[in-house]
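J.: Below you'll find the structure I mean.
The values are calculated or read from the model by the stated rules, or taken from the named source; none is laboratory data. Worth saying up front: this structure is predicted, and the values here are computed from it rather than measured. Cβ placement follows ideal geometry from the backbone for every residue including glycine, while neighbour counts extend to all protein chains displayed.
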Amino acid sequence: GSGTVLLQVRVAPLGNRVLVLAEDRTEAARVEAIRRDFVVNVSHELKTPVGALALLAETVADAADDPVAVRRFTERMHREAQRLSELVQEIIELSRLQSQGAVQKDTPVSVRAVIDEAVDRARTAAQAKNIAITSGGALDSVVYGDHNLLVTAVRNLLDNAVAYSGPATRVGVGVTERRGLVEIAVVDQGVGIDESKQDRVFERFYRVDPARSRDTGGTGLGLSIVKHVAADHGGDVTMWSEPGRGSTFTLRIPSAGMKADALTTEPGAR
Ligand code: ADP
């Protein structure tokens with residue numbers, strides 16, 4: 001429990017004395033417990049869609065002479081399969097992030113390029129709900145790190161902003177640079193998050209409303225992935241939210257201290 005310290009003690013005779021070695025294993029035990037939890041959660045989360053698929057397959061077999069039912073059930077099987085594939089992808093992504101540690105800090109990454117690509121990928125879901133995504137601010141900022149991981153992080157924030165907002169609302173990505181930090185804020189006018197739940201949303205597999213989240217295709221891993229990407233870049237992610245008014249998730253990454261125009265290299269210059 002909290003406040004408990006785990007000591008591994010070894011005793012060895014040393015001449016006419018006794019040598020006592022005490023090692024603090026608290027951190028190692030904590031890491032091991034997190035790993036064990038993760039495996040248990042993963043198995044649990046995988047069982048749900050796999051079970052649904054098995055059940056649907058049986059139902060389809062039973063309904064073989066009813067083409068309308070067959071069609072309906074195969075469509076649902078397709079959706080469950082897609083969900084499963086998304087879940088597996090996110091589990092792989094997260095476990096990779098959990099084991100790899102900090103990213104290389106020598107590659108400058110254009111914040112505009114990251115945001116443009118993330119917005120592009122979130123566009124289909126946004127258009128389906130008539131949600132406009134706009135971006136602005138210090139888009140010419142540059143950070144050091146991994147372009148693809150940063151796209152994944154911003155995209156996860158955008159996907160959530162779209163998923164947890166009503167139709168015809170607006171989603172914005174605003175960039176500011178101050179005190180050596182580049183802040184990328186994803187702002188929505190969605191359902192918001194109850195204050196009592198706000199502390200937990202970055203936990204693996206945590207969903208405020210599992211039933212609703214299942215409809216929107218959520219896995220509960222998106223924000224854990226964002227948190228890891230931020231930490232691996234020496235930054236962090238924080239949130240502000242008011243139920244009924246919307247949420248803002250802010251990704252903060254150390255600035256590379258240059259502007260994007262410094263990145264343009266002549267063809268063949270490298
Ligand atoms: P999910 O895949 O379920 O979206 P996340 O880890 O991305 O998982 O988010 C965890 C939970 O936090 C979500 O299930 C949702 O309840 C809540 N959440 C995340 N982003 C938002 C947002 N922009 N507005 C409202 N709720 C959000």
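J.: I'd like the residue in the stretch 75-113 that is in contact with a strand residue (DSSP E or B) (Cβ under 7 Å, 6 or more places away or on another chain) and crowded, with 16+ Cβ neighbours inside 10 Å and, out of all such residues, is nearest to G257 (Cα to Cα). Write out each step before concluding.
T.: Step one: list which residues in the stretch 75-113 are in contact with a strand residue (DSSP E or B) (Cβ under 7 Å, 6 or more places away or on another chain), which gives 105-111.
Checking the rest, the ones that are also crowded, with 16+ Cβ neighbours inside 10 Å come to 108-111.
Numbers: P108: 10, V109: 11, S110: 12, V111: 12 Å.
Selected residue: P108.
J.: Now for a different question. Working carefully through the options V42, V68, V31, V18, find the one that is within 30 Å of R96 (Cβ to Cβ) and modelled with pLDDT of 85 or more.
T.: None of the other options fit; the residue is V42.
J.: Taking F73 as meeting all but one of (1) out of contact with any Lys or Arg (no Cβ under 8 Å at 6 or more places or on another chain); (2) modelled with pLDDT under 90; (3) aromatic (F, W, Y), write down the number of the exception.
T.: Condition (2) is where F73 drops out.
J.: Output the residue which, of all residues in the stretch 159-187 that are of a type outside the set (S, T, N, Q), in a loop (DSSP other than H, G, I, E, B) and over 18 Å from R112 (Cα atoms), is farthest from the ligand (Cβ to nearest atom).
T.: Let us first name the residues in the stretch 159-187 that are of a type outside the set (S, T, N, Q), namely 159, 161-164, 166-168, 170-175, 177-187.
Subsequent filtering for residues that are in a loop (DSSP other than H, G, I, E, B) retains 164, 166-168, 179-180.
Filter once more, keeping what is over 18 Å from R112 (Cα atoms): 164, 166-168, 179.
Working: Y164: 3, G166: 11, P167: 15, A168: 16, R179: 26 Å.
Here the residue is R179.
J.: Still on this structure, please answer the following. Restricting attention to the stretch 235-266, report how many residues are touching a Lys or Arg at 6+ places or on another chain (Cβ under 8 Å) and at pLDDT 95 or above.
T.: Going residue by residue through the stretch 235-266, those that are touching a Lys or Arg at 6+ places or on another chain (Cβ under 8 Å) are 235-238, 260.
Cutting the leftovers down to at pLDDT 95 or above gives us 235-238.
Final tally of qualifying residues: 4.
J.: Then there is this: Scan the stretch 188-203 for residues that are in a loop (DSSP other than H, G, I, E, B) and either without any contact (Cβ under 8 Å) to a residue 40 or more places away in the chain or within 7 Å of the ligand (Cβ to nearest atom) (or both) and jot them down.
T.: Scanning the stretch 188-203 gives G190, V191, G192, I193, V201, F202, E203.
J.: If we keep just the residues of the stretch 27-73 that are surrounded by 13 or more Cβ atoms within 10 Å (Cβ to Cβ) and among the hydroxyl-bearing types (S, T, Y), which is farthest from T4 (Cα to Cα)?
T.: Filtering the stretch 27-73 for residues that are surrounded by 13 or more Cβ atoms within 10 Å (Cβ to Cβ) and among the hydroxyl-bearing types (S, T, Y), the one farthest from T4 (Cα to Cα) comes out as T59.
J.: Give just the number: which of (1) under 16 Å from the mean Cα position of the chain (by Cα); (2) within 8 Å of the ligand (Cβ to nearest atom); (3) at pLDDT 95 or above does T219 not satisfy?
T.: T219 satisfies all of (1) under 16 Å from the mean Cα position of the chain (by Cα); (2) within 8 Å of the ligand (Cβ to nearest atom); (3) at pLDDT 95 or above except (3).
J.: Out of (1) closer than 26 Å to L46 by Cβ; (2) within 16 Å of the ligand (Cβ to nearest atom), the odd one out for N148 is which?
T.: With respect to (1) closer than 26 Å to L46 by Cβ; (2) within 16 Å of the ligand (Cβ to nearest atom), N148 is out only on (2).
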